[in-house]
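The values are calculated or read from the model by the stated rules, or taken from the named source; none is laboratory data. Owing to the predicted nature of the structure, the values given are computational and were not obtained by experimental measurement. Positions of Cβ are backbone-derived with ideal geometry, glycine not excepted, and every protein chain shown enters the neighbour counts. For the accessible areas, the whole protein counts, side chains as well, though only heavy atoms, and no ligand, DNA or RNA atoms are used. Shrake-Rupley method; radii C 1.70, N 1.55, O 1.52, S 1.80 Å.
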Amino acid sequence: MQAAKQRSWNTRLEAKQKRLEKMKGITSNRIIPTRQIVEALETLIMPGDRVVLEGNNQKQASFLSAALAQADPKKLFDLHMIMSSISRPEHLDLFEYGIASKVDFSYAGPQSLRMAQMLEDGKLTMGEIHTYVELYGRLFIDLIPSVALVAADKADSEGNLYTGPNTEETPTLVEAAGFSSGIVIAQVNELTDELPRVDIPGSWIDFVVVADKPYQLEPLFTRDPRHITDIQILQAMMVIRGIYEKHGVKSLNHGIGYNTAAIELLLPTYGESLGLKGKICRHWALNPHPTLIPAIESGWVESVHCFGGEVGMEKYVAARRDVFFTGHDGSLRSNRTLCQLAGQYAVDLFVGSSLQIDEAGNSSTVTRGRLAGFGGAPNMGHDPGGRRHSSQAWLDMMTDTDPLARGRKLVVQVVETFQNGNKPVFVESLDAAGAKADIGLETAPVMIYGQDVTHIVTEEGIAYLYKTDSMEERRQAIAAIAGVTPIGLKHDIKASEKLRREGLIALPEDLGIRRTDAKRSLLAAKNVEELVEWSEGLYEPPAKFRSW
Amino acid sequence: MKLAFVFPGQGSQKNGMLHSLPDHPAALEVLQEAREVIGENVLVLDTDKALKSTVSVQLSLLISSVAVSKAFKAEGVIPDFVAGHSAGAFGAAVMCGAMDFSDALEMVKLRGELMEQAFPSGYGMGVITGFDARTVNELAAAISSEENPVYRSNINAADQVTISGSIPGIKEVLDQAGQRGARTAELLNVSVPSHCPLLNSVGDSLYDKLASVNIRVPYIPYAANRTARLLRDSEQIREDLAYNVSHPVRWYEISSLLCEHGTRLLIEMPPGNVLTTLNKRTLPGARSVSVDENGLDNCLFLAKRFCS
């Protein structure tokens, strides 16, 4: 009893207060002068700290990351960085300069070569490669942050934050640090007396700093319909007919490829001609893609919850409040964590794509010497065993009569059999298997495991993998639609005919689709200008997408 | 947004390349300095006949690329990174301040001479497009023998890889690659099996000679041929300059690395546009231009607007 009384239960809080005490030389309120940010970071952060740095595939706390990279490695070293997305050069400079030594992350697409090189050179120690929600989850369990560095649009003098349409992961990161005696520093574009709305209360924020320029925000999810090909249109027709209509898919999440943009743009034309409005694609977990505008305008889409925003879509979203989640100021309220959970549990179907698929249907975007990570795809692209709510599509995946049988989420991969540069997508073994040995990972960086995939769509046809009842049958079904890749060349014509008769694969003609009908003229909008017209001028595309 | 200068290697040479350099005082100064160091009029190096010798080729490449990079410097354009392909590494080393031009001339001359002496005939290089490095590695390893050695050498792009070795060995690998569906598989007009272990002794001799050359810490990072890492250390640059001759050039990784470090404009020094063509395919997110195609004035304009 005596020992328990002597123990302090506030060590984290006391440590925080000591750090705050030292800040008095820099600021007497919660506003850090812009020019003193490096000094402030050196004061507030200690060697060995776990530091969360905001940045996903869109919004980046770019001012704070650049400032941290300028810290003196004699003062700040051995930081354990936790970053959703390693996207900016200085994110890895932190390790190059010796400021940080360990990393836990989700996605490193724009720095994938350096990631692989620095691991090989022993310049950074890898925690794990996570999915987004897995990483967010660990912030509350065993990776509780000492410091969170985040980005917002505006703050007031009380530290209240307005994050605008791109709220994204800010609330989650702030919450993990703010309620565990961690320190929260927010960079803002602007300090103002009155905020349009409060997205994060000031009592969760320790310091605010006005950035020298607005946080980095990229229009990453905009796909110009001009680049959609006839093959992508053919695949989109097959998905609509052979999957959405067949299974009655009402809620879904898409990837950000041209093939899924084609699906979005075929709903008001091809989808309409099949009489499917109101029957499929009513509820979405998806960023506000501009290519979704025609489907929204023609009444296909009832609701869209968003991971993040998209540059140029602000006015459009504000004017379509029935569809999007918006605040009382009219701007979008996105939330990456909640949308990931919604996409994991609440939607019927996920459509993604991949760089490599093996004969069992495992897929990965990790190629030799490049360590890209996964982002959110594995959460979207798997069957969450915890789901209980039933829907027609989910129930449609049941293949046996066991009284305790349950449904499955539909996980669809849409790929062309060859990538650009004549590289086969269907391969005998994934490069990810080699990456495990090359980089010394405990498990191979597989993005979506074959057992979770219910359908694969190529320009050849659809494989209904959920119907297969053995690995051999699964291999045959994949080989049958793998074209002239090393896997496709193994297919046996007789076996394929049998699979076709039994409905385990379907070719376009089996779905009533004539290949010659797959033309760009089917797209509801053929270029960005037509998307603007559909939006009644509300969509304001960034300059790089304007051709007029 | 950052700027990189890239320096071409053998294969980019052209008849008259030194005669067609931009008329800029800094470039003319470089020609004059080269004349003084080599002891002859360098304008005889770029004739068809002279370019049959790898010594003239490598010297001409160095002189033209350094001449133009000094013109950029004189106009106030300094890149954030430099990278050279094979012999081009010496031009890159001069631009980043690691090496004096006069030392580079002497080293490149020696490099050419040693390469010429090492394999007078029967050896060379080939290029395969449509296969990745691993596939070409396997093909070459299966065919290589003591009598007819052949190695996978440079990785120029994800799907463009060279092989080096004896001519019969190379031809067999090219045949096999063609049969297995490579888009192209052809012999290169190079008479030395560069960038493979056959040139190990040349690398050693160059290293011995470079040991007495003054190599300094660069003021901008230099991308290494052998390791595809950015170097800021003079000793590592010395090793790269010596041994890139006997090791594969990892251009695909080098150019990707420059982009990951924030490079969005790559300017290729003369002669030619070989690296620009590769970079355009590999790096869709960056702008790649060559002084030969676009002209010095346009490239200067682009660089100034870009860096402002």
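If a residue has to be open to solvent by 20 Å² or more (accessible area, probe 1.4 Å), away from chain A (no Cβ under 14 Å) and part of a loop (DSSP other than H, G, I, E, B) to count, how many in the range B:225-267 make the cut?
1
Table: residues versus (1) more than 30 Å from the chain's Cα centre (by Cα); (2) touching a residue at least 12 places away in the same chain (Cβ under 8 Å); (3) open to solvent by 20 Å² or more (accessible area, probe 1.4 Å).
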position: A:L507; (1), (2), (3): yes, yes, yes
position: A:G512; (1), (2), (3): yes, yes, yes
position: A:A518; (1), (2), (3): no, yes, no
position: A:L523; (1), (2), (3): no, yes, no
position: A:L531; (1), (2), (3): no, yes, no
position: A:W534; (1), (2), (3): no, yes, yes
position: A:E540; (1), (2), (3): no, yes, yes
position: A:A543; (1), (2), (3): no, no, yes
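Select, from A:R406, A:R321, A:R368, A:R387, the only residue that is in a loop (DSSP other than H, G, I, E, B) and open to solvent by less than 20 Å² (accessible area, probe 1.4 Å).
One residue alone meets the criteria, A:R387.
Could you give every pair whose Cβ atoms fall below 7 Å, whose first residue belongs to the range B:182-199 and is within 14 Å of chain A (Cβ to nearest Cβ), and whose second residue is surrounded by fewer than 19 Cβ atoms within 10 Å (Cβ to Cβ), counting only separations of at least 6 or pairs across chains?
Close Cβ pairs satisfying both conditions: B:A182/B:T129; B:R183/A:N422; B:R183/B:T129; B:T184/B:T129; B:A185/B:G178.
Report the residue count in the range A:440-457 for those that are of a type outside the set (D, E, K, R), surrounded by fewer than 17 Cβ atoms within 10 Å (Cβ to Cβ) and farther than 30 Å from A:D396 by Cα.
Within the range A:440-457, residues that are of a type outside the set (D, E, K, R), surrounded by fewer than 17 Cβ atoms within 10 Å (Cβ to Cβ) and farther than 30 Å from A:D396 by Cα number 2.
So which residues in the range B:76-103 are among the β-branched types (V, I, T) and open to solvent by 30 Å² or more (accessible area, probe 1.4 Å), if there are any at all?
B:I78
Please determine, by comparing only the residues of the range A:155-186 that are assigned to a strand (DSSP E or B) and within 23 Å of the chain's Cα centre (by Cα), which one is surrounded by the most Cβ atoms within 10 Å (Cβ to Cβ).
This residue is A:A186.
Can you confirm whether the range B:114-122 contains a residue that is away from chain A (no Cβ under 14 Å) and of a type in the set (S, T, N, Q)?
yes
Check B:I163, B:I155 and return the single one that is within 14 Å of another protein chain (Cβ to nearest Cβ) and modelled with pLDDT of 95 or more.
Checking each option against the conditions leaves just B:I155.
Out of the residues in the range B:43-62 that are in contact with a Leu (Cβ under 6 Å, 6 or more places away or on another chain) and of a type outside the set (D, E, K, R), which is farthest from B:S12 (Cα to Cα)?
Restricting to residues being in contact with a Leu (Cβ under 6 Å, 6 or more places away or on another chain) and of a type outside the set (D, E, K, R), the top hit is B:L43.
Residues that are surrounded by 22 or more Cβ atoms within 10 Å (Cβ to Cβ) and under 24 Å from A:I240 (Cβ atoms): does the range A:486-497 have at least one?
no
Every residue in the range B:286-298 that is open to solvent by less than 40 Å² (accessible area, probe 1.4 Å), out of contact with any Cys (no Cβ under 7 Å at 6 or more places or on another chain) and free of Cβ contacts under 8 Å to residues at least 40 places away in the same chain, please.
Result: B:S288, B:S290.
Give the residue that is farthest from A:R223 (Cα to Cα), with candidates limited to residues of the range A:243-258 that are of a type in the set (G, A, S) and within 14 Å of the chain's Cα centre (by Cα).
Here the residue is A:G255.
Is there a residue in the range A:118-127 that is assigned to a helix (DSSP H, G or I) and open to solvent by less than 20 Å² (accessible area, probe 1.4 Å)?
yes
Which residue out of A:L252, A:L292 is open to solvent by less than 10 Å² (accessible area, probe 1.4 Å) and without any contact (Cβ under 8 Å) to a residue 40 or more places away in the chain?
A:L292
For the structure I just gave you, tell me whether A:P445 is modelled with pLDDT under 95, away from every other protein chain (no Cβ under 14 Å) and within 23 Å of A:S106 (Cα to Cα).
So A:P445 fits the description; yes.
Taking the range A:295-318 as the region of interest, how many residues are of a type outside the set (A, V, I, L, M), open to solvent by 30 Å² or more (accessible area, probe 1.4 Å), in contact (Cβ under 8 Å) with a residue 60 or more places away in the chain and closer than 21 Å to A:L338 by Cα?
Residues that pass the stated criteria total 1.
Can you tell me how many residues in the range A:2-35 are without any contact (Cβ under 8 Å) to a residue 24 or more places away in the chain and in a helix (DSSP H, G or I)?
14
Taking the criterion of being at pLDDT below 95 and open to solvent by 50 Å² or more (accessible area, probe 1.4 Å), would at least one residue in the range B:53-75 satisfy it?
For the range B:53-75, residues at pLDDT below 95 and open to solvent by 50 Å² or more (accessible area, probe 1.4 Å): absent.
Does any residue of the range B:268-285 turn out to be open to solvent by less than 10 Å² (accessible area, probe 1.4 Å) and polar (S, T, N, Q)?
The answer is yes; a qualifying residue exists.
Yes/no per residue for (1) assigned to a helix (DSSP H, G or I); (2) farther than 26 Å from B:A242 by Cβ:
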site	(1), (2)
B:G9	no, no
B:K14	no, yes
B:L21	no, yes
B:V30	yes, no
B:E36	yes, no
B:L61	yes, no
B:S64	yes, no
B:V77	no, yes
B:A83	no, no
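All but one of (1) at pLDDT 95 or above; (2) open to solvent by less than 50 Å² (accessible area, probe 1.4 Å) hold for B:E106; which doesn't?
(2)
Filter the range A:96-116 down to residues that are more than 10 Å from chain B (Cβ to nearest Cβ) and either open to solvent by less than 10 Å² (accessible area, probe 1.4 Å) or of a type in the set (D, E) (or both), then give me how many there are.
6
What are the pairs with Cβ atoms under 7 angstrom where one residue, in the range A:183-201, is touching a residue at least 40 places away in the same chain (Cβ under 8 Å) and closer than 22 Å to A:Q17 by Cα and the other, located anywhere, is part of a loop (DSSP other than H, G, I, E, B) and of a type in the set (A, V, I, L, M, F, W, C)? Sequence gap at least six, or different chains.
A:Q187/A:A61; A:Q187/A:A211
Here is a yes/no grid of residues against (1) polar (S, T, N, Q); (2) farther than 22 Å from B:M1 by Cα; (3) in contact with a Cys (Cβ under 9 Å, 6 or more places away or on another chain); (4) crowded, with 23+ Cβ neighbours inside 10 Å:
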residue: A:I32; (1), (2), (3), (4): no, yes, no, yes
residue: A:T43; (1), (2), (3), (4): yes, yes, no, no
residue: A:G48; (1), (2), (3), (4): no, yes, no, no
residue: A:V51; (1), (2), (3), (4): no, yes, no, yes
residue: A:G55; (1), (2), (3), (4): no, no, no, yes
residue: A:A67; (1), (2), (3), (4): no, no, no, yes
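Is one or more of the residues making up the range A:201-219 among the polar types (S, T, N, Q), open to solvent by less than 10 Å² (accessible area, probe 1.4 Å) and within 24 Å of A:A108 (Cβ to Cβ)?
No, the range A:201-219 has no match at all.
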